């Protein structure tokens, strides 16, 4: 193999695939990135057997070939090089890659490419197509609510429901639930419902370009999902199991509804979170209506027995009665971060019922957050 490409393009490609490299594996080759030539381009591949990423870099190919090189060593070295042309030549007998750029040179020992697992994306005549910016927004609204605890694997994933004209993502971790829907221009003829690891969607979100359309394929046996982009591909194992019926979790009614500035509410919750860190993340919300004019106040407070307390007050629009409820400040902050409309609505029934956050005049998005039980 003999190939050359620009340093910034190679560095970008290595950063795209680098997150799929196995950090702890009994197979040394999984700690490597595979470099191979394909149709006058340099192909970079990495996998940890759960997620696999292919990325193509524009290059001048003088001699075909393939090898695998330690990911961290190659990435660190390439990112340290000047923004000039990088020349790479493989000495096949010793599996050593010679890398030159300007006055810098390195010889890096690799492992034969035949030991690397293939990351194959099947061809499909009629894939599902989703706009890249829509997919990015959906991941931002939902993936943060997935569980990180592996004790219930099904909750570490995001339920993806793809209908002929709409797609919906839902994620939950027993304390909160995020559900977001968007219209779909080219959906499947028959509905598809799968559970995608949240981490895979977060990696996909990271590599989607500005104007790209993402092609989505699900394997016939429902154990893998494939995402094809303009210059990259991602394949992920699917999570087995049955996702909870999230529609049953969404409250059907409320006794109190407030509408507030998203930025002002987020700022007040952030300040409360500073003091709530040492008090199980508990922050208290008190809604005080001002008579019958539809206006009122929202008081947000947090108390740390060791460091002190904080109280913020916001003017809000109120429908319904006064209520006082406690939420996890970090969960509330993460949910508000996912709302990009100027105003947000918070609906509550009583101190022991879930709160419901919705963007005002925005996309189809709902976030359910369980209250915290506080001894009085």
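The values are calculated or read from the model by the stated rules, or taken from the named source; none is laboratory data. Keep in mind it's a predicted model, so treat the numbers as computed, not measured. Glycine gets a Cβ as well: all are built from the backbone with ideal geometry, and neighbour counts include every protein chain shown.
Is it true that some residue in segment 264-271 is at pLDDT 95 or above, closer than 29 Å to residue 152 by Cβ and in contact with a helix residue (DSSP H, G or I) (Cβ under 8 Å, 6 or more places away or on another chain)?
First, the residues of segment 264-271 that are at pLDDT 95 or above: 264-271.
Among the residues that remain, those that are also closer than 29 Å to residue 152 by Cβ are: 269.
Next cut, in contact with a helix residue (DSSP H, G or I) (Cβ under 8 Å, 6 or more places away or on another chain) only: 269.
The answer is yes, given that some residue of segment 264-271 is at pLDDT 95 or above, closer than 29 Å to residue 152 by Cβ and in contact with a helix residue (DSSP H, G or I) (Cβ under 8 Å, 6 or more places away or on another chain).
List, please: which pairs have Cβ atoms under 8 Å, are six or more places apart or on different chains, and start with a residue in segment 292-307 that is loosely packed, with under 15 Cβ neighbours inside 10 Å and end with one that is modelled with pLDDT under 90 and in a strand (DSSP E or B)?
Going by the 8 Å Cβ cut-off, there are no qualifying pairs.
Can you pull out the residues in segment 39-57 that are touching a strand residue (DSSP E or B) at 6+ places or on another chain (Cβ under 9 Å) and part of a loop (DSSP other than H, G, I, E, B)?
Taking segment 39-57 and keeping what is touching a strand residue (DSSP E or B) at 6+ places or on another chain (Cβ under 9 Å), we get 39-47, 49-57.
Hits for segment 39-57 are 39, 40, 49, 50.
So which of 4, 36 ends up being within 19 Å of residue 233 (Cβ to Cβ), outside any helix (DSSP H, G or I) and modelled with pLDDT of 95 or more? Break it down into steps so the answer makes sense when it comes.
On the way: 4 fails: within 19 Å of residue 233 (Cβ to Cβ).
Checking each option against the conditions leaves just 36.
Please go through (1) in contact with a strand residue (DSSP E or B) (Cβ under 6 Å, 6 or more places away or on another chain); (2) outside any strand (DSSP E or B); (3) farther than 17 Å from residue 232 by Cα for residue 69 and return the number of the only condition it doesn't satisfy.
With (1) in contact with a strand residue (DSSP E or B) (Cβ under 6 Å, 6 or more places away or on another chain); (2) outside any strand (DSSP E or B); (3) farther than 17 Å from residue 232 by Cα applied to residue 69, the lone miss is (2).
Considering segment 148-190 alone, what residues qualify as being in a loop (DSSP other than H, G, I, E, B) and either at pLDDT 95 or above or more than 24 Å from residue 208 (Cβ to Cβ) (or both)?
Our first condition is that a residue be in a loop (DSSP other than H, G, I, E, B); within segment 148-190, this holds for 148-152, 163-165, 173-175, 184-185, 187-190.
149, 150, 151, 152, 173, 174, 175, 189, 190 - these are the residues of segment 148-190 that are in a loop (DSSP other than H, G, I, E, B) and either at pLDDT 95 or above or more than 24 Å from residue 208 (Cβ to Cβ) (or both).
Say whether the condition of being touching a helix residue (DSSP H, G or I) at 6+ places or on another chain (Cβ under 8 Å), assigned by TED's automatic domain parsing to the domain that holds residue 134 and more than 24 Å from residue 146 (Cα to Cα) is met by at least one residue in segment 214-229. Walk me through it before giving the result.
Going residue by residue through segment 214-229, those that are touching a helix residue (DSSP H, G or I) at 6+ places or on another chain (Cβ under 8 Å) are 214, 225, 227, 229.
Next, only the ones that are assigned by TED's automatic domain parsing to the domain that holds residue 134 stay: 214, 225, 227, 229.
Next, only the ones that are more than 24 Å from residue 146 (Cα to Cα) stay: 229.
Within segment 214-229, one or more residues are touching a helix residue (DSSP H, G or I) at 6+ places or on another chain (Cβ under 8 Å), assigned by TED's automatic domain parsing to the domain that holds residue 134 and more than 24 Å from residue 146 (Cα to Cα).
Residue 51 - would you say it is crowded, with 22+ Cβ neighbours inside 10 Å, in contact with a helix residue (DSSP H, G or I) (Cβ under 9 Å, 6 or more places away or on another chain), within 26 Å of residue 196 (Cβ to Cβ) and outside the structural domain of residue 225 (by TED's automatic domain parsing)? Reasoning before the result, please.
Values: crowded, with 22+ Cβ neighbours inside 10 Å: no; in contact with a helix residue (DSSP H, G or I) (Cβ under 9 Å, 6 or more places away or on another chain): yes; within 26 Å of residue 196 (Cβ to Cβ): yes; outside the structural domain of residue 225 (by TED's automatic domain parsing): yes.
When the stated conditions are applied, residue 51 does not pass them.
Looking at (1) outside the structural domain of residue 175 (by TED's automatic domain parsing); (2) buried (at least 16 other Cβ atoms within 10 Å of the Cβ), which is the only condition residue 263 fails?
The one condition residue 263 does not meet is (2).
Which of the residues that make up segment 12-28 are in contact with a helix residue (DSSP H, G or I) (Cβ under 7 Å, 6 or more places away or on another chain), surrounded by 19 or more Cβ atoms within 10 Å (Cβ to Cβ) and part of a helix (DSSP H, G or I)?
14, 16
Identify the single condition in (1) within 34 Å of the chain's Cα centre (by Cα); (2) touching a residue at least 12 places away in the same chain (Cβ under 8 Å); (3) outside any strand (DSSP E or B) that residue 76 does not satisfy, given that it satisfies every other one.
Status for residue 76: all satisfied but (2).
Does segment 272-287 include one or more residues that are crowded, with 20+ Cβ neighbours inside 10 Å, modelled with pLDDT of 95 or more, out of contact with any helix residue (DSSP H, G or I) (no Cβ under 7 Å at 6 or more places or on another chain) and not assigned by TED's automatic domain parsing to the domain that holds residue 333?
no
Give me a count of the residues in segment 303-339 that are in a strand (DSSP E or B) and either at pLDDT 95 or above or over 13 Å from residue 280 (Cα atoms) (or both).
Here is the first cut: in segment 303-339, the ones in a strand (DSSP E or B) are 303-304, 308-320, 323-328.
Keeping just the survivors that are either at pLDDT 95 or above or over 13 Å from residue 280 (Cα atoms) (or both) gives 308-320, 323-328.
Residues that pass the stated criteria total 19.
Only one residue in 142, 99 is in the same structural domain as residue 32 (by TED's automatic domain parsing) and either surrounded by 19 or more Cβ atoms within 10 Å (Cβ to Cβ) or in a loop (DSSP other than H, G, I, E, B) (or both), so which one is that? Steps first, please.
Numbers: 142 fails: in the same structural domain as residue 32 (by TED's automatic domain parsing).
Step by step, each of 142, 99 is checked, and only 99 is in the same structural domain as residue 32 (by TED's automatic domain parsing) and either surrounded by 19 or more Cβ atoms within 10 Å (Cβ to Cβ) or in a loop (DSSP other than H, G, I, E, B) (or both).
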